Structures are given as structure tokens and as C-alpha cells.
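Everything below concerns the one structure shown next.
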Amino acid sequence: MKISTTRDRIQGKITLPSVWRGTVLRIAAVLFWILLWAVAAHKVGLPVLLPSPLSVAQRLVQLCVTADFWMTVFASLVRILLGFFCGVLFGTLLAVMAWRSDIAQEMIRPMLGVLKATPVASFIILALVWIDTQILAAVISFIMVLPLVYHNVREGFDAADTKLLEMARMFELSRAKTFRYCYLPAILPFFLSAVSSALGFAWKSGIAAEVLGRPARAIGKQIYDSKIYLETVDLFAWTIVVILMSVMLEKLMLWLVKRIGKRSMKVAEK
């Protein structure tokens, strides 16, 4: 009994720090960079060039208690998520078309090549000539997401197990069952990986589009105005909002991807 208790204590001393070690290291790293920021701000001595972390935190709290702040964040979120989901949908549909038809694949290939090779800033400037600034972020997010989802889903089709496909033909399974048992397990990892990565691209490109397009209510407009009027504290505060939103969206998407992946694999196994 004593040996067991002693062993449990030793294991507790060993495993408990290892569980929290990653979290502690992350917090320590963040505190280190905040401290370095504070020292640099103190040395510079000009808030218009580099405000202190404390002043930025105070400004961020002031913004968070206003209704206008949350309406601005919500408006940007809606625009960017709209473009993101449309990009996922159309990217998947184009991948299915390319898988079903070689002609469709050859027709789609040049368009996606142009989308991948053209800088996002060029798309934003061109889009400003043709479309309203209120939907600019959605369009740019759509353009960034579409090629990524298309290529990953297309690779998922190519990664399907040939032996399973031969068995499906041998037993004369329907197209629906062949897709469910042969293609779906191969596509899901590629699709979920594309979706989780595409959200980050959509968010950053959408904010960049708002900075250049300056719609009526948007995070990007707030960043641009802060720069124009030399409100550096506001510029840092809104930049922190962008970073925090990006991290939260990424965590949420990863959680959803894991849940959807587990459920889809269970459905495919039945």
C-alpha cells in the first residue's frame, strides 16, 4: 500500500508538470514579448510611434464596452465568413466536376492557375473597379479559399484506394455507395485540412480588402483610419482584435473539423 502511494506521488510529480508545461511555456513566451514591447515603448518614449502595452490594453477595454465595436466586428465577420463558405462550396463543386470530366478539369485549370499566381493586392484593386466595397471582403475571401479547397478535394479523389474501387465494381455497387465507401474516407482528410487552413487565409485577406476598400463598418476601415489620423494606440488595439479573432476562429474551426471528421468516418464505416 505504501509502495503504491509513493509510486502515485512520484507519478503525480512527473506527469502533472508535463501536462501543464506547454501552457506555461506559451504564457511565459507571451509575457516575454509583452515585456519586451513595454521596454521598447519606454525607450522610444513616443506613443505616436510605439504605444505601451498598458495604454493599448486600456483602449481595447474602452472599445469592447461600446456597441459600435461589436457591430463592426460582426459586420467584418459576416462578410468574410460569407466568402469563406462560398469558396468552400464552389471549390468542392468544381473538384467534383473535374473528377467526373477531363474536359471540365482542363477548362478549370487555367482559371485556378491565375487565381493562385495573382497577388491578393492586385485582386483587391481590380475588384474595387467592378464591385461595391461592402462585398469586397467577401469576394476576396472567396477567391482565396476556392483554389485551396479545389486542389485538396481533387487530391482526395485521386487518393482513393484502387483496390476498394475494384471491389466496388466487382460487386456492382451504385455510384452513391461507391462514393460513400471508397471516395469519402479518402476525401475527408484532404477536405478538412483545406477548410481549417482556408479560414485563416480568408480572414487575413478579407481584412486586407477592408483596409483598401474601407466599407462603412469594418475592422479594416478602423485600422486604416487609425493610421491616417496617427492614432497608433487604436491601430494596435484593432490589430490585436484581428489577431484574437483569427486565433479564436482557427480554434473553433479545428474543433468543428474534428467533430465532423469523427461523425463522417462513423457514417462511412456503417
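Side notes on the structure shown:
- If the condition is being over 21 Å from L249 (Cβ atoms), in a helix (DSSP H, G or I) and either hydroxyl-bearing (S, T, Y) or outside the structural domain of V88 (by TED's automatic domain parsing) (or both), then segment 164-205 contributes T178, Y181, Y183.
- I243 vs. criteria over 17 Å from F85 (Cα atoms) and modelled with pLDDT of 90 or more: yes
- Taken as a whole, segment 71-86 holds at least one residue that is farther than 18 Å from S246 by Cα, in the same structural domain as S205 (by TED's automatic domain parsing) and in contact with a Ser or Thr (Cβ under 9 Å, 6 or more places away or on another chain).
- Test: residue in segment 69-76 that is under 19 Å from E210 (Cβ atoms) and either charged (D, E, K, R) or loosely packed, with under 12 Cβ neighbours inside 10 Å (or both): yes
- Exclusive hit being buried (at least 18 other Cβ atoms within 10 Å of the Cβ), among the charged types (D, E, K, R), out of contact with any strand residue (DSSP E or B) (no Cβ under 9 Å at 6 or more places or on another chain) and farther than 15 Å from A198 by Cβ, set R154, R109, R79: R79
- When segment 28-48 is filtered for residues that are touching a residue at least 60 places away in the same chain (Cβ under 8 Å) and surrounded by 11 or more Cβ atoms within 10 Å (Cβ to Cβ), only P47 remains.
- Helices (runs of 4 or more DSSP H) wholly inside segment 1-100 containing at least 1 residues that are of a type in the set (K, R) and modelled with pLDDT under 90: 2-44, 67-100
- All positions within segment 80-114 that are within 21 Å of the chain's Cα centre (by Cα) and not hydrophobic (A, V, I, L, M, F, W, C): G83, G87, G91, T92
- The set of residues in segment 166-189 that are surrounded by 16 or more Cβ atoms within 10 Å (Cβ to Cβ) and free of Cβ contacts under 8 Å to residues at least 60 places away in the same chain comprises A168, L173, T178, F179, C182, Y183, A186, I187.
The values are calculated or read from the model by the stated rules, or taken from the named source; none is laboratory data. Here the structure is a predicted model, which is why all the values come from computation and not from measurement. When we count neighbours, we look across all protein chains shown, and the Cβ atoms used for this are built from the backbone with ideal geometry, even at glycine.
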